[in-house]
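All of the numbers you see were taken from the coordinates with simple rules; none came from a lab. Bear in mind that the values here come from a model prediction, so they are computed numbers and not experimental data. Every residue, glycine among them, receives a Cβ derived from its backbone with ideal geometry; neighbour counts consider all protein chains shown.
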Amino acid sequence: MSRVVVTGRIPDDGLEILRTAGEVWSWEHDEPIPVDVRNEQLADADAAVTLLTDRVDDAFLDAAPRLKVVANVAVGYNNIDVAACHARGVAVTNTPGVLTDATADLAMALTLMVTRRLGEGERLIRSGQPWKWSMFMMLGAGLQGRQLGIVGMGAIGEAFAARARAFGMRVVYHNRRAVDAETEARLDARLVGLHELLETSDVVSLNCPYSDATHHLVDEAALDRMRPDAYVINTARGPIVDEAALVEALRDGGIAGAGLDVFEHEPDVHPGLLELDNAVLVPHLGSATVETRSAMARLAARNAVEVLAGRPAVNPVA
Ligand code: GLV
């Protein structure tokens with residue numbers, strides 16, 4: 001019988017699927033599992049179901065000599081040293097697909113929030129300050145006829161592009177390779193170089209995975225290329241953006257605003273961002289719907305069960 005260790009709270013339907021593979025132990029608290037507890041539990045674990053807040057590195061793997069699979073309950077897997085896992089014959093899986101719509105919805109929501117100054121408006125009302133409607137109060141930017149530039153045209157990028165099209169935006173994208181012709185035609189999206197994307201887009205959205213190649217992709221030089229009336233949206237991973245450079249650009253009018261779901265040193269947020277009205281800040285909520293989190297837990301569980309049964313994972317990370 002296999003033993004599965006779940007390093008944090010996940011929805012029950014995921015746990016139920018895991019129980020079909022054997023004995024399941026899970027850390028049932030919202031605060032991170034202490035390393036000594038984790039290591040003790042990993043000692044005889046065949047599978048680990050992990051969250052994006054876990055660091056799966058050599059220390060984790062050293063504690064888990066029997067491990068066959070790390071099933072991350074997230075589409076991003078930058079928290080996992082995949083090469084170290086593979087070197088020890090440990091499979092790695094993620095949960096693509098099931099969180100595409102929720103994350104694209106959040107990218108659209110952040111775009112609307114920052115361009116229409118909704119956070120600022122909310123803060124004004126809640127501050128109790130007197131206000132009355134006036135012609136020039138809190139004017140934002142409309143999206144119709146504006147250009148969305150998507151960096152990383154995977155499933156989430158495409159889903160955001162489709163939403164933006166419904167709001168009257170046109171789409172360009174930057175990706176390692178062109179998406180298929182049918183998708184390009186459906187989204188009327190054009191592949192461009194990163195510089196052109198930065199220089200010509202009204203909204204730049206980050207939808208790429210985080211890796212050494214995308215670390216600080218949006219740095220001072222990239223922000224300098226952007227127009228002063230343009231916005232950055234990040235629903236991918238915080239360190240894709242140089243947060244200190246972003247604060248400077250937002251403060252000095254280098255760009256108009258930013259909508260951020262993720263942060264460079266999460267859960268810490270650059271103190272400069274907290275003071276800026278043109279930054280909309282939400283706490284990594286991209287996949288945070290009841291339905292999506294359940295679907296992620298079920299998919300991660302299926303991945304673990306398949307590997308434990310000696311079958312190929314549904315979503316292996318290569
Ligand atoms: C969330 O950030 C995920 O990668 O699933």
### Summary
Exposure proxy check on Phe167, Phe160: fewest-to-most Cβ neighbours within 10 Å is Phe167, Phe160
### Task
Just order 92-101, 35-44, 200-209 by mean Cβ neighbour count inside 10 Å, highest at the front, would you?
200-209, 92-101, 35-44
### Query
What fraction of the Cα pairs in the stretch 100-281, stated in percent, has a spacing above 19 angstrom?
55 percent
### Query
What FRET efficiency comes out for the pair Asp12/Arg176, r = Cβ-Cβ distance, R0 = 35 Å, nearest 0.05?
0.35
### Message
Quick check of the Kirkwood formula: for the stretch 198-318, what is the inverse mean of 1/r over all pairs of different Cα atoms, in Å?
### Response
16.0 Å
### Task
Let me have the 222 nm mean residue ellipticity of the chain computed from DSSP H runs of 4+ only, each contributing -39500 (n - 2.57), with the sum over all residues rounded to the nearest 500.
-10500 deg cm²/dmol
### Sequence ranges 110-123, 145-158, 176-189, ranked by mean other-Cβ count within 10 angstrom, highest first
145-158, 110-123, 176-189
#### Entry: Segment Asp252-His86, extension gain: residue separation times 0.36 nm, minus the distance between their alpha carbons
55.2 nm
### Task
Over the Cα atoms of the chain, compute the convex hull volume and normalise it per residue, giving Å³.
147 Å³
### Task
Return the percentage of antiparallel bridges among DSSP beta bridges fully within the chain, rounded to the nearest 5 %.
5 percent
### Task
Could you grab the Rg to Rh ratio for the stretch 41-187? Cα atoms only, Kirkwood for Rh.
1.16
### Query
Between Ala309 and Asp30, what FRET efficiency comes out of the Förster formula 1/(1 + (r/R0)^6) with R0 = 30 Å and r the beta carbon distance, rounded to 0.05?
0.45
